[in-house]
Amino acid sequence: MVSFVGAGPGAVDLITVRGRRLLEQADLIIYTGSLVNPELLQYAKENCEIYNSAEMTLGQVLEEIRRGHAQGKEIVRLHTGDPCLYGAVREQIDALEDLGIVCEVCPGVSSFCGAAASLKAEYTLPGLTQSVIITRAEGRTAVPERERLSLLASHGATMVLFLSAGLLQQVRAELLLGGYAPKTPCAIVYKATWKDEKIIRGTVERLPEMAAENGINKTALIVVGEFLGADYRHSRLYAPDFSTAYREAAP
């Protein structure tokens with residue numbers, strides 16, 4: 001069996017119970033060395049084969065999995081965060097299924113969840129926003145025209161940007177063009193939940209300067225929106241005059 005496992009955002013103890021069990025049982029682990037915390041490899045068996053995919057091509061990754069599968073090995077492909085976001089897993093799963101190799105996916109805690117926890121923030125606040133846009137700035141990887149940051153920014157929703165810390169001049173220009181006010185709160189969360197995590201808070205108009213002053217140009221999430229401010233409405237769920245299936249409203 002080949003298991004694609006989400007390693008979580010960084011902290012070793014944020015991998016899921018299932019993910020840790022799969023690591024402990026694996027005979028072969030291929031991990032995303034550029035992003036996954038290497039301390040997670042402590043869960044590997046003593047005789048487990050371990051490869052760093054940051055040093056490999058897709059073809060080489062697939063060949064090691066094919067070889068290991070032919071030998072009857074339990075295989076873990078360890079990806080950062082949750083594999084469903086910017087994980088490049090679809091191409092691997094499709095290729096393996098073409099070879100007749102069965103795969104499973106074990107979800108993980110995404111870094112956008114880890115960032116919210118570190119910020120002690122709630123992305124969806126009553127009266128402000130009930131939507132979260134997860135996206136990236138266009139760099140070497142193209143972004144569809146309909147998903148340009150300026151168009152997404154026009155919604156005024158909470159926005160979380162992956163893979164964009166080195167493109168903040170461009171990000172600022174597009175966010176402002178799309179309608180975010182210059183003073184809209186934002187934060188840069190560097191290596192969310194890692195031991196060397198760093199959080200820089202500010203406003204959209206100073207995004208590039210915030211990163212430059214702290215030496216950050218990669219491995220960081222950019223979060224933008226009024227949810228980082230002080231004003232919001234309380235949820236109606238716990239209001240005394242609000243009935244639910246479990247509680248009658250007070251008279």
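The values are calculated or read from the model by the stated rules, or taken from the named source; none is laboratory data. Model, not experiment: these values are computed from the prediction. Positions of Cβ are backbone-derived with ideal geometry, glycine not excepted, and every protein chain shown enters the neighbour counts. Please note that ligands, DNA and RNA were not included when accessible areas were found on the heavy atoms of the full protein model with its side chains. Shrake-Rupley method; radii C 1.70, N 1.55, O 1.52, S 1.80 Å.
Tell me yes or no: at least one residue of segment 42-50 is of a type in the set (F, W, Y) and under 17 Å from I101 (Cβ atoms).
Just the residues of segment 42-50 that are of a type in the set (F, W, Y), to begin with: 43.
Among the residues that remain, those that are also under 17 Å from I101 (Cβ atoms) are: none.
Checked segment 42-50: no residue is of a type in the set (F, W, Y) and under 17 Å from I101 (Cβ atoms).
On the given criteria, is V36 open to solvent by less than 40 Å² (accessible area, probe 1.4 Å), in contact with a Cys (Cβ under 6 Å, 6 or more places away or on another chain) and closer than 24 Å to L221 by Cα? It would help to see each step written out before you state the result.
Working: open to solvent by less than 40 Å² (accessible area, probe 1.4 Å): yes; in contact with a Cys (Cβ under 6 Å, 6 or more places away or on another chain): no; closer than 24 Å to L221 by Cα: yes.
No: the conditions fail for V36.
Are any of the residues in segment 228-243 open to solvent by less than 80 Å² (accessible area, probe 1.4 Å) and modelled with pLDDT of 95 or more? Within segment 228-243 (the criterion being open to solvent by less than 80 Å² (accessible area, probe 1.4 Å) and modelled with pLDDT of 95 or more), the answer is yes, since at least one residue qualifies. Of all residues in segment 172-192, those that are in contact (Cβ under 8 Å) with a residue 40 or more places away in the chain and over 14 Å from E226 (Cα atoms) have Cβ atoms under 7 Å from Cβ atoms of residues that are in a loop (DSSP other than H, G, I, E, B) and of a type in the set (G, A, S), 6 or more apart or on another chain, in K191/G10; A192/G10. Scanning segment 161-184 for residues that are surrounded by fewer than 17 Cβ atoms within 10 Å (Cβ to Cβ) and either in contact with a Lys or Arg (Cβ under 7 Å, 6 or more places away or on another chain) or aromatic (F, W, Y) (or both) yields one hit, G166. When segment 204-223 is limited to residues that are of a type outside the set (G, A, S) and under 22 Å from T80 (Cβ atoms), the one that is most open to solvent (accessible area, probe 1.4 Å) turns out to be K218.
If the condition is being more than 20 Å from I15 (Cα to Cα), free of Cβ contacts under 8 Å to residues at least 40 places away in the same chain and within 22 Å of the chain's Cα centre (by Cα), then segment 62-93 contributes R90, E91.
Mind listing whichever residues of segment 202-251 are part of a loop (DSSP other than H, G, I, E, B) and under 18 Å from F112 (Cβ atoms)? So that I can check it myself, show each step before the final result.
Taking segment 202-251 as the starting set, the residues that turn out to be part of a loop (DSSP other than H, G, I, E, B) are 214-219, 225, 229-235, 239-251.
The answer is I216, K218, T219, G225.
Filtering segment 11-44 to residues that are under 17 Å from the mean Cα position of the chain (by Cα) and under 11 Å from C106 (Cα atoms) leaves I15, T16, G19. The set of residues in segment 210-236 being at negative phi and of a type in the set (S, T, N, Q) consists of N214, N217, S235.
Kindly provide the set of residues from segment 12-33 that are in a loop (DSSP other than H, G, I, E, B) and either crowded, with 21+ Cβ neighbours inside 10 Å or acidic (D, E) (or both), ordered by number.
Start the filter on segment 12-33 by keeping residues that are in a loop (DSSP other than H, G, I, E, B), which leaves 15-16, 26-27, 32-33.
If the condition is that a residue be in a loop (DSSP other than H, G, I, E, B) and either crowded, with 21+ Cβ neighbours inside 10 Å or acidic (D, E) (or both), then I15, A26, D27 are the ones that fit.
Those strands (runs of 3 or more DSSP E) of segment 48-156 in which 1 or more residues are open to solvent by 30 Å² or more (accessible area, probe 1.4 Å) and modelled with pLDDT of 95 or more occupy 49-52, 103-106, 132-136.
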